[in-house]
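I have placed the structure first, in the form of structure tokens, so that the comments after it can refer back to it.
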Amino acid sequence: MNSETLLRPVTVTNEYGLHVRVATELVTTAKKYSSEVFLVKDGVKADAKSIFQILGLGAEKGTELVVNVRGEDAQDALVAVLRLLVANTDEQVRRGMRHGD
């Protein structure tokens, strides 16, 4: 299979945006794959394997991002990154339930 580039839009819906914990999980997930994984915000491309670049996007709630993945395992990497981003959309609700808020 040749390297393929996959692009998927995603909206940050987490109340706290793409904050440190989520960004750390994203970097850990992206590093599991040989493919290049980027998040793009307003034309700015951030390497999803770099915590500094991800946090540098300043992706707050409502931010439109494009997940850009290229490589031999692009499909698997894309699915994993999207799952992580979607799983963190209801983090505030889960936290509230956990802490009794």
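Worth pointing out:
- Of all residues in segment 47-58 being in contact with a strand residue (DSSP E or B) (Cβ under 6 Å, 6 or more places away or on another chain) and under 21 Å from residue 15 (Cβ atoms), the one that is surrounded by the fewest Cβ atoms within 10 Å (Cβ to Cβ): 57
- Filter pass, residue 23 being over 19 Å from residue 87 (Cβ atoms), touching a Leu at 6+ places or on another chain (Cβ under 8 Å) and either assigned to a loop (DSSP other than H, G, I, E, B) or aliphatic (A, V, I, L, M) (or both): no
- Residues in segment 62-89 that are closer than 16 Å to residue 9 by Cβ and in contact with a Gly (Cβ under 9 Å, 6 or more places away or on another chain): 62, 63.
- Pairs where the first residue, in segment 8-21, is more than 23 Å from residue 76 (Cα to Cα) and the second is of a type in the set (S, T, N, Q) and assigned to a loop (DSSP other than H, G, I, E, B), C-beta under 7 Å, 6+ apart: 17/63
- Taking the numbered list (1) buried (at least 16 other Cβ atoms within 10 Å of the Cβ); (2) small (Gly, Ala, Ser); (3) at positive phi in turn, residue 43 passes all entries but (1).
- Any hit, segment 34-43, residues being in contact (Cβ under 8 Å) with a residue 12 or more places away in the chain and out of contact with any strand residue (DSSP E or B) (no Cβ under 8 Å at 6 or more places or on another chain): no
- Search result, residues across segment 1-57 that are hydroxyl-bearing (Ser, Thr, Tyr) and within 11 Å of the chain's Cα centre (by Cα): 11, 24, 28, 29
- Residue 25 being within 19 Å of residue 76 (Cα to Cα) and at pLDDT below 90: no
- Note on segment 57-101: among residues that are polar (S, T, N, Q) and assigned to a helix (DSSP H, G or I), the one that is modelled with the lowest pLDDT is 92.
- Within segment 26-64, tally of residues that are within 18 Å of residue 82 (Cβ to Cβ) and in contact with a helix residue (DSSP H, G or I) (Cβ under 8 Å, 6 or more places away or on another chain): 14
- When restricted to residues that are in contact with a Lys or Arg (Cβ under 9 Å, 6 or more places away or on another chain) and of a type in the set (A, V, I, L, M, F, W, C), segment 37-66 contains 8.
The values are calculated or read from the model by the stated rules, or taken from the named source; none is laboratory data. Please read these numbers as outputs of a predicted model, since none were measured by experiment. Quick reminder, even Gly has a Cβ in these numbers, built from the backbone with ideal geometry, and neighbours come from all protein chains shown.
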